[in-house]
Amino acid sequence: MNDKTRKLQVRFNQQQLELLDNLKASGKFGNSYEEVIRSVFRQYVAQTIGRRQS
């Protein structure tokens, strides 16, 4: 695996923004949108890969 990074531009609807705001406010997944999105994505991938390997 290489260490390349990419910037992505994403769009969220109002419901998704409210969810991100709540997650950000809780501080559990990070304190910025970038941190929250990165943390949630990583957890999703870990769970998805874990299911495939089971």
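The values are calculated or read from the model by the stated rules, or taken from the named source; none is laboratory data. Not measured: the values here are computed from a predicted model. When we count neighbours, we look across all protein chains shown, and the Cβ atoms used for this are built from the backbone with ideal geometry, even at glycine. When the accessible area is computed, the model is the full protein with side chains, heavy atoms only, and any ligands, DNA or RNA have been set aside. Shrake-Rupley method; radii C 1.70, N 1.55, O 1.52, S 1.80 Å.
Viscosity 1.567 mPa s, temperature 4 °C: give me the Stokes-Einstein translational D for the chain in µm²/s, with Rh taken as the Kirkwood radius over C-alpha pairs.
Value of D from the Cα-based Kirkwood radius: 102 µm²/s.
So for the chain, taking the charge dipole from beta-carbon charges (+1 Lys/Arg, -1 Asp/Glu), which of Leu23, Tyr44, Asn13 sits furthest toward the positive end?
Tyr44
Tally up the carbon and sulfur contribution to the accessible surface of the chain as a whole percent, 1.4 Å probe, everything protein left in place.
Result for the chain: 49 percent of the exposed heavy-atom area is carbon or sulfur.
Measure nothing fancy, just the Cα-based angle from helix 14-26's long axis to the longest principal axis of the chain, in degrees from 0 to 90, nearest 10.
Between helix and principal axis, roughly 80 degrees.
How tilted is helix 33-53 with respect to the longest principal axis of the chain? Cα atoms for both, answer in degrees (0 to 90, nearest 10).
With rounding to tens, the tilt is 30 degrees.
Before I look further, what does the chain give for accessible area per residue, probe 1.4 Å, in whole square angstrom?
Value for the chain: 101 Å² per residue.
Summing -39500 (n - 2.57) over the DSSP H runs of n ≥ 4 in the chain and dividing by its residue number, what mean residue ellipticity at 222 nm do you reach, to the nearest 500 deg cm²/dmol?
-21000 deg cm²/dmol
Taking trypsin sites (Lys or Arg not before Pro) as candidate sites, keep only those in a DSSP loop with at most 16 other Cβ atoms within 10 Å, then name the longest stretch of the chain containing none of them.
Details: sites that count: Lys4, Arg6, Lys7, Arg11, Lys28.
Of all site-free stretches, the longest is 29-54.
Run the dipole for the chain about the Cα centre, Lys and Arg Cβ at +1, Asp and Glu Cβ at -1, nothing else charged, and hand back the magnitude in debye, nearest 20.
On the way: 10 positive and 5 negative charges, 59 e Å.
Dipole size: approximately 280 debye.
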